[in-house]
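Participant: Okay, here's the structure, questions in a sec.
The values are calculated or read from the model by the stated rules, or taken from the named source; none is laboratory data. Please read these numbers as outputs of a predicted model, since none were measured by experiment. FYI the Cβ positions are ideal-geometry reconstructions off the backbone, even for glycines, and counts take in every protein chain you see.
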Amino acid sequence: MYFISTSSPDEYSTKVDRMIGENMDLTRDLEFWMSKLPACLRALPIIYLSIPGSHNSFTSNISGGSIVSLDSPKILQNLEWIYCIRHIMANWTKNQNVAVKEQLKAGIRYFDLRVSAKSRENNLYFCHGMYSCKVEPVLNEISTFLETHSKEVVILDFQHFYGFTQQTHGKLMQMLLKTYGTKLLPYSDHMDHLSLDYMTSQFSYQVITVYRSDAARFGQPLFWPSASFPTPWANTIDHNALFNFLDDKIKDRKDNVGFITQIVLTPTLTDILFNSCTTLEQKLAIDFEDLRTGWISKQTPGRRGVNIVIGDFIDLSDNLFTKTVINLNLKLLRDLPKRMTSPIN
């Protein structure tokens, strides 16, 4: 256990109040928010920080002209020649408005990824019902960002793979190794020593790659398994059911690994059919924004608290989602005696 060296409770309270007063807003520079965290927060394990992420991260360029991807039901793949079907699908499979560079500048540090092969083509694509952008250029953009943001860390979570063979997995893993090299944080079965300072000051680690496939389990020490970042999914459109589910799962989270809170609404096919003239953003996301922000604001990072929080359309209301998640870290300053790894000077 770590603590602040003080001679009295009043002195401790004064030091904490001063720190909070000096850092009332941790989002004044979203592009460098990790770099500019107070030193005591950069010394905390990242599994106890509050980190914003995007759900189905790279779907911003899905449109009615996109091709139906392999993760869609076979019947939709067969009917993709009907424009109205593609148009409806695009309206409900696009989860973000902004691409990787804008998300990074807006403070997003976790990316939720679905990857698909494509028939008669050598490239890999991000997808969500429809093919989105190519994988390799996006990975390169992230690498370029990290080169000029040496104190920032990203988490790449490869959740799903479609049309993959062992050879395809090998190709993607080699692409990741080539793109990030020594920036990749090696796997560890416990994470309570992995702070931002440990990663970026003691070493040059800036990328945690979660690879949720057994294809990466042997001979790939730089890829992290699913158990390192549990990501329970409520699969509901009901606000109260979602919040109750998230509350229950947070209470049960383990202390020595990361944790992903998916504050997302998931429509059924029936929901989409009954609302085919609108979009996921218009029907669900915009009306949900205030409720989402309110629930997040009540959370606390740390043990049995939130860690990574992901959402749809992270740019709404001038990046309010991202700002709310990041500023939860201010609550940790009140709990420094239990969580600090360096004293306040």
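Participant: I need every pair where a residue in region 86-108 that is over 18 Å from Leu265 (Cβ atoms) and without any contact (Cβ under 8 Å) to a residue 40 or more places away in the chain has its Cβ under 8 Å from the Cβ of a residue that is of a type outside the set (A, V, I, L, M, F, W, C) and surrounded by fewer than 22 Cβ atoms within 10 Å (Cβ to Cβ), sequence separation at least 6 or different chains.
Facilitator: His87/Gly64
Participant: Since Pro221 meets every condition but one in (1) more than 30 Å from Lys151 (Cα to Cα); (2) surrounded by fewer than 16 Cβ atoms within 10 Å (Cβ to Cβ), which condition does it not meet?
Facilitator: (1)
Participant: Working carefully through the options Ser195, Ser213, find the one that is surrounded by 14 or more Cβ atoms within 10 Å (Cβ to Cβ), hydroxyl-bearing (Ser, Thr, Tyr), in contact (Cβ under 8 Å) with a residue 40 or more places away in the chain and touching a Lys or Arg at 6+ places or on another chain (Cβ under 8 Å).
Facilitator: On inspection, the qualifying residue turns out to be Ser195.
Participant: Could you grab the pairs with beta carbons closer than 6 Å, sequence gap of 6+ or different chains, first residue in region 144-165 and on the phi > 0 side of the Ramachandran plot and assigned to a loop (DSSP other than H, G, I, E, B), second one modelled with pLDDT of 95 or more and of a type in the set (S, T, N, Q)?
Facilitator: Listed pairs, sorted by first residue: Gly163/Ser116.
Participant: Sticking with this structure for a sec: From (1) surrounded by fewer than 20 Cβ atoms within 10 Å (Cβ to Cβ); (2) in contact (Cβ under 8 Å) with a residue 24 or more places away in the chain, pick out the condition that doesn't hold for Asp318.
Facilitator: (2)
Participant: Would you check if Asp318 is under 20 Å from the mean Cα position of the chain (by Cα), over 18 Å from Leu37 (Cα atoms), charged (D, E, K, R) and not in a loop (DSSP other than H, G, I, E, B)? Spell out the reasoning first.
Facilitator: Values: under 20 Å from the mean Cα position of the chain (by Cα): yes; over 18 Å from Leu37 (Cα atoms): yes; charged (D, E, K, R): yes; not in a loop (DSSP other than H, G, I, E, B): yes.
Answer is yes for this residue.
Participant: Might you let me know whether region 303-311 holds any residue that is at positive phi and modelled with pLDDT under 95? Give the steps one after another, and end with the answer.
Facilitator: Step one: list which residues in region 303-311 are at positive phi, which gives 304.
Going one step further and asking which of them are modelled with pLDDT under 95, we end up with 304.
For region 303-311, residues at positive phi and modelled with pLDDT under 95: present.
Participant: Next question. Only one residue in Thr231, Thr261, Thr278 is in a loop (DSSP other than H, G, I, E, B) and closer than 15 Å to Asn307 by Cα, so which one is that? Outline the logic, then answer.
Facilitator: Numbers: Thr261 fails: in a loop (DSSP other than H, G, I, E, B); Thr278 fails: closer than 15 Å to Asn307 by Cα.
Among Thr231, Thr261, Thr278, only Thr231 is in a loop (DSSP other than H, G, I, E, B) and closer than 15 Å to Asn307 by Cα.
Participant: Look through Thr278, Thr261, Thr300, Thr270 and report the one residue that is at pLDDT below 95 and β-branched (Val, Ile, Thr). Talk me through it step by step, then tell me what you get.
Facilitator: Values: Thr278 fails: at pLDDT below 95; Thr261 fails: at pLDDT below 95; Thr300 fails: at pLDDT below 95.
Just a single option satisfies the conditions, and that option is Thr270.
Participant: Going through region 209-249 one residue at a time, which ones are among the aliphatic types (A, V, I, L, M), at pLDDT 95 or above and more than 22 Å from Leu194 (Cβ to Cβ)? Explain how you work it out, then say what you get.
Facilitator: Initially, region 209-249 is screened for residues among the aliphatic types (A, V, I, L, M), giving 210, 215-216, 222, 227, 234, 237, 241-242, 246.
Right, trim to at pLDDT 95 or above and you get 210, 222, 227, 234, 237, 241-242, 246.
Result: Ala234, Ile237, Ala241, Leu242, Leu246.
Participant: Applying the selection to region 235-256, what residues are of a type in the set (A, V, I, L, M, F, W, C) and either within 16 Å of Gly53 (Cβ to Cβ) or assigned to a helix (DSSP H, G or I) (or both)? Walk me through it before giving the result.
Facilitator: Applying the first criterion (of a type in the set (A, V, I, L, M, F, W, C)) to region 235-256 yields 237, 241-243, 245-246, 250.
Correct list: Ala241, Leu242, Phe243, Phe245, Leu246, Ile250.
Participant: Please verify whether Ile296 is crowded, with 17+ Cβ neighbours inside 10 Å, under 16 Å from the mean Cα position of the chain (by Cα) and touching a residue at least 40 places away in the same chain (Cβ under 8 Å), treating the condition exactly as stated. Don't jump to the end; show me each part of the working.
Facilitator: Details: crowded, with 17+ Cβ neighbours inside 10 Å: yes; under 16 Å from the mean Cα position of the chain (by Cα): yes; touching a residue at least 40 places away in the same chain (Cβ under 8 Å): no.
No.
Participant: Please determine, by comparing only the residues of region 264-275 that are in a loop (DSSP other than H, G, I, E, B) and among the hydroxyl-bearing types (Ser, Thr, Tyr), which one is surrounded by the most Cβ atoms within 10 Å (Cβ to Cβ).
Facilitator: Thr266
Participant: Ok, one more. When Pro232 is evaluated against the numbered criteria (1) in contact with a strand residue (DSSP E or B) (Cβ under 9 Å, 6 or more places away or on another chain); (2) at positive phi, which criterion, by number, is the only one it fails?
Facilitator: Exception for Pro232: condition (2).
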